[in-house]
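I have placed the structure first, in the form of structure tokens, so that the comments after it can refer back to it.
The values are calculated or read from the model by the stated rules, or taken from the named source; none is laboratory data. From a predicted model like this one, the values you see are computed outputs, not experimental measurements. Cβ sites come from the backbone with ideal geometry, for glycine too, and all protein chains shown count toward neighbours. What goes into the accessible areas is simple: the full protein's heavy atoms, side chains included, and nothing from ligands, DNA or RNA. Shrake-Rupley method; radii C 1.70, N 1.55, O 1.52, S 1.80 Å.
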Amino acid sequence: MVGLSEGEKQFLRGGIEHNLRADGRTRHQFRPISVQTAVIPQANGSARVRLGATEVIASIKAELGKPTVLHPDKGKVSIFVDCSPTAAPIYEGKGGEELSMELSVALERCLLGGKSGAGAAIDLSSLVLVEGKVCWDLYIDALVVSSDGNLLDSLAAAIKAALSNTGLPKVNVVLGASPEEQPEVDVSDEEFLQFDTSAVPVIVTLTKVGKHYIVDATSEEESQMSSAVSVSVNRNGQICGLTKRGGAGLDPSVIYDMVSVAKYVSQQFISVLDSEIAAAEASEE
């Protein structure tokens, strides 16, 4: 928890009130972002994202598996977040475990939709090779290296960058003589298919401080929040997921306004993130 004096709290709240935050940003402005891809050679895809002083790493590991009986036409994706104890003192012990679980659940809710996969921002059907028989299982692991607020948005950006860096090996499938037989698979070591991230959204978190809400809140700003709403939005402006934290209730009209702001801000953020990802991938070549 960030400890602020009464004077610091008034300064922070006053800046937000007058649309000039402590670091010079307006209420709806993100901090500078930088992206580095292919940071973990053993993974199918990986990326490091820095958003201000917040730094996170995401990696993608792809393995062949079998679709579930309930969803034979969908692959499987799991997301796990780990908060390094060196990122902030509060992450040591149980505090880090609870936050890791909270972030993992929020990311799954915003990126994977419901338990059925309905509304998933990541197209699970694209991971199926043979319906009911063979699919890709994607394991997304993320690490919080340094924390200065807005972890959820940073993690989602890192996952999007890591997925854009992900190559899935080309698989040749030979079906068995009978429908009951498991197909034979031949996984290429040389040919890879790029993962399509065109529909993968970003997450924009609106943090309410006093009467106003801000994007990309720092740790100090988050210490003064009453509630926060995180909205995942794709490049078409479609809402893919929404989650709220904080005990204070919000009027439906306020939530509607927050979602509208998130949709507007997300398009700017996607444009900047796409440029950073492209520059990172170009530097690899």
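Considering the range 171-200 alone, what residues qualify as being part of a loop (DSSP other than H, G, I, E, B), touching a residue at least 40 places away in the same chain (Cβ under 8 Å) and open to solvent by 60 Å² or more (accessible area, probe 1.4 Å)?
175, 182, 196
Taking the residues in the range 201-233 that are part of a strand (DSSP E or B) and hydroxyl-bearing (Ser, Thr, Tyr) as candidates, determine which candidate is surrounded by the fewest Cβ atoms within 10 Å (Cβ to Cβ).
Residues of the range 201-233 that are part of a strand (DSSP E or B), as a first pass: 202-209, 212-215, 227-233.
From what's left, hydroxyl-bearing (Ser, Thr, Tyr): 205, 207, 213, 227, 230, 232.
Details: 205: 28, 207: 27, 213: 25, 227: 19, 230: 24, 232: 27.
Going through the qualifying residues, I end up with 227.
Out of all the residues in the range 86-97, is one or more modelled with pLDDT of 90 or more and open to solvent by 70 Å² or more (accessible area, probe 1.4 Å)? For the range 86-97, residues modelled with pLDDT of 90 or more and open to solvent by 70 Å² or more (accessible area, probe 1.4 Å): absent.
Report, by residue number, each residue of the range 246-266 that is under 20 Å from the mean Cα position of the chain (by Cα), exposed (fewer than 15 other Cβ atoms within 10 Å of the Cβ) and not hydroxyl-bearing (Ser, Thr, Tyr).
Of the residues in the range 246-266, the ones under 20 Å from the mean Cα position of the chain (by Cα) are 246, 258-266.
Imposing the further condition that a residue be exposed (fewer than 15 other Cβ atoms within 10 Å of the Cβ) reduces the set to 246, 260, 264.
Matches in the range 246-266: 246 only.
Within the range 72-85, track down each residue that is more than 13 Å from residue 144 (Cα to Cα) and surrounded by fewer than 18 Cβ atoms within 10 Å (Cβ to Cβ). I'd like the intermediate steps shown before the answer.
Keep residues of the range 72-85 that are more than 13 Å from residue 144 (Cα to Cα), which gives 72-79.
Scanning the range 72-85 gives 72, 73, 78.
Taking the numbered list (1) hydroxyl-bearing (Ser, Thr, Tyr); (2) within 19 Å of residue 107 (Cβ to Cβ); (3) in contact with a strand residue (DSSP E or B) (Cβ under 7 Å, 6 or more places away or on another chain) in turn, residue 197 passes all entries but (3). Within the range 9-54, the set of residues being within 19 Å of the chain's Cα centre (by Cα), small (Gly, Ala, Ser) and open to solvent by 20 Å² or more (accessible area, probe 1.4 Å) comprises 34, 38, 43, 52, 53. Among the residues of the range 123-140, at least one is touching a residue at least 40 places away in the same chain (Cβ under 8 Å), of a type in the set (D, E, K, R), surrounded by fewer than 22 Cβ atoms within 10 Å (Cβ to Cβ) and over 19 Å from residue 169 (Cβ atoms).
If a residue has to be among the aliphatic types (A, V, I, L, M) and either in a loop (DSSP other than H, G, I, E, B) or closer than 17 Å to residue 163 by Cβ (or both) to count, how many in the range 234-278 make the cut? Walk me through how you get there before you give the answer.
Our first condition is that a residue be among the aliphatic types (A, V, I, L, M); within the range 234-278, this holds for 239, 242, 248, 250, 254-255, 258-259, 261-262, 265, 270, 272-273, 277-278.
Right, trim to either in a loop (DSSP other than H, G, I, E, B) or closer than 17 Å to residue 163 by Cβ (or both) and you get 248, 250, 270, 273, 277-278.
Result for the range 234-278: 6.
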